[in-house]
Amino acid sequence: MKRRIFFTLLLAAALLGLILWILPRLPGLERDLLQRLANRSAKEYFADSIQIKKVYLDRHFKIHLTGVTGKLQTRHGPVPLEVKSMESQDSLFLFISQKPVRFIFEGIRPQISSRMGISGNFMIQTGPVSRFELTADLGKTGLEDWQWLDPQNLGGATGAMNGSLTFRQILGQEPEFSMDLEAPEPGGNIQARFFDLFLPYLPTSVQKERVQKISKNQQLVRYGRAALRVNLVRSDNIKILLQIFIPAYNLKLTLNAMIRTDEKTAFSQIARLMGLIEVK
């Protein structure tokens, strides 16, 4: 009897010691596990560079992350990005029952940015009716935050931006994507060579001659306002409308284009064509 009590007390002491050892280390273990999973799933785009400063699960099994960083691999070189915070609004246990789990995030931006960055929300549902939905507010970004997309044409670009982005993908259905951006008055600056993009779409006219003259300058040009609209018509067909006004030349330019790809992989195909993402 005494021996049984002794072993019971010994086992209780061992369990208590294990709990006391695990508890202070649990946030670190959660962070390391999630960081490892994130790097494995996004290795193609971030090359094992994702780091998470802090992550924890609350008593409702909702996850909270802060200080997420990573280097996006682009054709022009790695771009350090950061996410200020991200958290689930629902318990992660809902994944087990294949119910939707909602997340909110804020502060997605290049690490060198002085602006607040992108905020928004997304939803994930697993199982036979799996889906992903994203809504992002781009209103706290500036044109300078997007220079990494095309340093040659966007280097030195400035100007506050308004706009939003939405994306939806339901298993077995065509993806839905739209982006609506505006750089309102007073506008900002942009590289003169940027206007080479318009030349193939302009007929021979005085307007085309003006654009050719602007694009030859090795300097920044002042624009008054600009707008960009992108819509995914089908998974292999993207429609782009770009408008920009140049006060010094009293010139309003419009680029209306449809980009088609041979395969049903529009995003990765266009990323390769534009040199934005170094997809292997």
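Worth a mention:
- Cα gyration tensor, region 150-263 - rounded (a/c under 1.5), prolate or oblate: prolate
- Cβ-derived FRET efficiency at R0 51 Å, D48 paired with K216, nearest 0.05: 0.75
- The listed peptides 140-153, 162-175, ordered by packing as a protection proxy, come out as 140-153, 162-175 (highest mean of other Cβ atoms within 10 Å first).
- Accessible heavy-atom area order of I259, I96, I244, highest first, probe of 1.4 Å: I96, I259, I244
- Rounded to the nearest Hz, the phi-derived 3J(HN,Hα) couplings of region 96-107 under the Karplus curve 6.51 cos²θ - 1.76 cosθ + 1.60 (θ = phi - 60°) are 5, 8, 6, 9, x, 10, 9, 10, 10, 8, 8, x, where x marks glycine and proline.
- Most to least accessible of Y249, Y201, Y56 (protein chains only, probe 1.4 Å): Y201, Y56, Y249
- Measuring nothing but alpha carbons in region 31-182 and taking Rh as the Kirkwood radius, the Rg to Rh ratio lands at 0.98.
- Accessible area of region 155-197 divided out per residue, in Å², using a probe of 1.4 angstrom: 48
- Protection proxy ranking of 31-43, 78-90, by the mean of other Cβ atoms within 10 Å over each peptide's residues and highest first, is 78-90, 31-43.
- Residue-span extension gain [H76 to R260] - 0.36 nm each, minus C-alpha spacing: 63.8 nm
- Label-point gap, in nm, between F122 and N237 - each point 7 angstrom along Cα→Cβ: 2.7
- Pairs from K71/K208; K71/K140; K208/K239 whose Cα-Cα separation, in the structure shown, is over 30 Å: K71/K208
- Within-9-Å neighbourhood charge of V230 [Cβ basis; K, R +1; D, E -1]: +1
- Extension gain, R115 to N153, is 11.6 nm, computed as 0.36 nm per intervening residue step minus the present C-alpha separation.
- Within the accessible area of region 42-144, the carbon and sulfur atoms contribute 57%, probe 1.4 Å, all protein chains present.
- Annotation: I246 carries an accessible surface of approximately 0 Å², with a 1.4 Å probe and no ligand, DNA or RNA atoms counted.
The values are calculated or read from the model by the stated rules, or taken from the named source; none is laboratory data. Just so you know, these numbers come straight off a predicted model, no measurement behind them. Cβ: placed from backbone, ideal geometry, glycine included. Neighbour counts: every protein chain shown. These area figures cover heavy atoms from the full protein model, side chains too; ligands, DNA and RNA do not enter into them. Shrake-Rupley method; radii C 1.70, N 1.55, O 1.52, S 1.80 Å.
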